[in-house]
1. Counting pairs of alpha carbon atoms under 8 Å apart in space and at least six apart in sequence, what relative contact order in percent does the chain give?
2. Only one of the values (1) 4, 17, 22, 20, 17, 11, 5, 2, 1, 0; (2) 4, 16, 21, 20, 12, 10, 8, 6, 3, 1, 0; (3) 5, 26, 24, 18, 12, 9, 5, 1 was calculated from this structure for P(r) over Cα pairs in 5 Å bins from 0, in percent; name its label.
3. Apply the Karplus parameterisation 6.51 cos²θ - 1.76 cosθ + 1.60, with θ equal to phi minus 60°, to every residue of the range 13-28 and state each ³J(HN,Hα) to the nearest whole Hz, in sequence, with x for glycine and proline.
4. Measure nothing fancy, just the Cα-based angle from helix 32-53's long axis to the longest principal axis of the chain, in degrees from 0 to 90, nearest 10.
5. Given the peptides 21-34, 41-54, arrange them by the average over their residues of other C-beta atoms within 10 Å, most packed first.
Amino acid sequence: MGSKSLIWIGMFVGSTIGGFIPSLWGAGFFSLSSVVLTAVGGIAGIWLGLKISNY
């Protein structure tokens, strides 16, 4: 699998998980915490995709 594919998959999975985390404490999907954690999850997913693609 190419490095671009791994980066896109990591971004998608990371942002999805980051967006769902605030629902654990009752926050809405369009709350500030959900938006922030979506961005953080996306960045973490991109980082993880880069790390995996370098191996």
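Nothing in this text is a laboratory measurement; each read-out follows from the coordinates by a stated rule. What you are looking at is a predicted structure, and each value in this text was computed from that prediction instead of being measured. Cβ coordinates were reconstructed from backbone atoms using ideal geometry, including for glycine residues, and neighbour counts include every protein chain displayed.
1. Details: 86 pairs, mean separation 28.0, N = 55.
For the chain, the relative contact order is 51 percent.
2. (3)
3. Each residue of the range 13-28 in turn: 5, x, 6, 5, 5, x, x, 7, 4, x, 5, 5, 10, x, 6, x Hz.
4. Compared with the principal axis, the helix lies near 10 degrees.
5. Numbers: 21-34: 11.9, 41-54: 16.4.
Descending packing order for the listed peptides: 41-54, 21-34.
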